[in-house]
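Quick notes on the structure that follows.
Bear in mind that the values in this text are calculations on the coordinates, not laboratory data. In this text, all values refer to a predicted model and were calculated from it rather than measured experimentally. Cβ placement follows ideal geometry from the backbone for every residue including glycine, while neighbour counts extend to all protein chains displayed.
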Amino acid sequence: MNPTGKFRRKGSIAGRRIAGESFLIPVVGTPVDLENIFVLNPLADYIWERLDGERTLAAIVAEIIAEFDVAPEQAGADAGEFVGQLLERGLAEEVA
Amino acid sequence: MNSICEQATGGDDRHFWRVLSEKIAGQRVPFSGSLALTHRCNLRCVHCYAREEPGENVSGSELNTDQWLKIISEIKEAGCLFLLLTGGEPLLRDDFPAIYSFARKNGFLVTLFTNATLVSDSILRLFHDLPPRLVEVSIYGASAGIHDRITGIPGSFAKAMEGIEAFQFEGIPVRLKSVLMTLNDENFPAIEDLARSRGIKFRFDPAIFPSLAGDRGPLDLRVAAKRAVDLEMADPDRVREWREFYRSFRKVPVGDGLFNCGSGVNTFHIDPRGRLFPCLMVRSAAYELGPGRFQYGWDRAFHDFRKAAPAAQSLCRGCEKKLLCGYCPGFFEMENGSETRPSEYMCAIGQRRFARIISKASGG
């Protein structure tokens, strides 16, 4: 994953917080199936909120390191994996 | 790293519900709500509980678009996920597309109750772009003769069938539902066949209750409990579903409270005027959302109504058939003026269902 890349959430998915838990809900496309709802852990939720198309992945990782008790290598790996999952599922896109 | 982002289900709805239940266990979270966008309707169904009364200025008292959008924003913040848009006929509102798209774009899982007679091309495009979770269409007969007699509007059956076909053509999930009454009980097998022939799931309810304005006339349309349950249990799948439901939940402790449902704990209802209720049936606690905010109403206005309910007076206390009768203190209040005095009709329904399930269970 390119650390200087900028990524943003797609409008095809809505992030929802319910009782302190975060979910991603499909908005467009095929009829809403509960199978297509994703649950985010706190770190994923933190990253999701920062995929605004302005911050680089490296900047997000720096924020994670400042906020969470996590080693820099682990933070980079976690963020890269999560963003990779979002790209693969079409839930986020890289800004050119 | 494992499961930074996991799919909420393992392939079926029950898994999702388990995940969600674990998240909200012990919390009072309004994750499921219904919005009656209007009580106006283009049909005049004989049994309708929400119909406007003669001389009542229904449209004049409805919330406007901005007020509904404000409420939807507030219930989103409060944690609502499942949203039912109902009426009256919701598609009568010119601003339905604005309200619906706002809800969908904000991540609500929307179900629509409609009579399917007002399905325009623009509605189909809207649902194609922003699909609902489910559209439920009310059908009261398998032919125009019976359906139109109940709705009071000639041509409504043909229109509804067109609407249903259009939904199906667009790949929008549709389910049919009906109310069993003396005007259509003979026709019921045909209604079920109609749904089956179109590959549509079907459900029905024999529970007719007085109108919200207090008219008890619709109660005369109830089918005798034995007949109603015999029709219900004529379908072996339904017998199995009832039996599985009873076996799954009969050992689950329900507590000593008058209410054993999610009313006011996980559910709410908002009427066209913006009055917040714990659910559609319970009218004893209300909060005006016009000037107020949802969270305040949810937190303060009726969070104690269940504690105040006089459970000890309930004649249903300890009844093992409460799972089967459609037990609902709100229903009892509407029918008998008391949340603790059960509906004799629904009690008879529960007794009959219990007998049918037990006899089937002992045979299988």
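Numbers for the structure displayed
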| quantity | calculated |
| --- | --- |
| Over chain A: helical MRE at 222 nm, DSSP H runs n ≥ 4 each giving -39500 (n - 2.57), nearest 500 | -12000 deg cm²/dmol |
| Paired Rg and Dmax values of the stretch B:49-185, which use every Cα atom, in angstrom | 15.8, 47 |
| Residue of B:Pro173, B:Pro132, B:Pro291 that the Gaussian network model of chain B assigns the largest fluctuation, springs spanning Cα pairs under 10 Å | B:Pro291 |
| Proportion of all alpha-carbon pairs of the protein assembly as shown beyond 41 Å (%) | 22 |
| Simple spin-label estimate for B:Ala98 and A:Met1 in nanometres, 7 Å along Cα-Cβ | 4.0 |
| B:Leu315 paired with A:Glu93, simple spin-label distance in nm, labels 7 Å along Cα-to-beta-carbon | 6.3 |
| The stretch B:127-186 and the stretch A:27-96: distance between their alpha carbon centers, rounded to Å | 43 |
| Stokes-Einstein D in µm²/s, Kirkwood radius over Cα pairs - chain B at 10 °C with 1.306 mPa s viscosity | 73 |
| Label point distance in nm, B:Glu244-B:Asp121, each placed 7 Å from Cα along Cα→Cβ | 4.3 |
| Where N is the number of residues in the stretch B:116-167, Cα Rg divided by 2.2 N^0.38 Å | 1.21 |
| Chain A: C-alpha pair distances exceeding 18 Å, % | 43 |
| Computed over the stretch B:112-213: relative contact order in percent, which uses C-alpha pairs under 8 Å that are six or more apart | 29 |
| Relative contact order (percent, whole number), the stretch B:225-364, Cα cutoff 8 Å, 6+ residue spacing | 26 |
| Counting all C-alpha pairs of the stretch B:208-364, share separated by more than 18 Å (%) | 64 |
| Relative pair counts by distance (%), Cα atoms of the stretch B:186-289, 5 Å bins | 2, 9, 13, 14, 16, 18, 16, 9, 2, 0 |
| Mean Cα-pair separation over length for chain B, i.e. relative contact order, pairs under 8 Å, 6 or more apart, % | 16 |
| The stretch B:122-278: equivalent-ellipsoid semi-axes (sqrt of 5 x gyration tensor eigenvalues, Cα, Å) | 27, 23, 20 |
| Span-rule helices in chain B, defined as complete DSSP H runs reaching 27 Å or more along the axis (Cα) with Kyte mean at least 0.5 | none |
| Where the Cα pairs of the stretch B:147-194 fall when distances are cut into 10 Å bins, in % | 23, 51, 25, 2 |
| Beta bridges by DSSP in the protein assembly as shown, antiparallel share as percent, to the nearest 5 | 45 |
| GNM flexibility winner over chain B from B:Thr86, B:Thr117, B:Thr65 (Cα, springs under 10 Å) | B:Thr65 |
| Counting DSSP beta bridges with both ends in chain B, the antiparallel % (nearest 5) | 15 |
| At R0 = 56 Å, FRET efficiency that the Cβ-Cβ distance of B:Leu219 and A:Lys10 yields, to 0.05 | 0.65 |
| Computed FRET value (nearest 0.05) for A:Arg17 with B:Lys226, which takes r as the C-beta separation and R₀ as 51 Å | 0.55 |
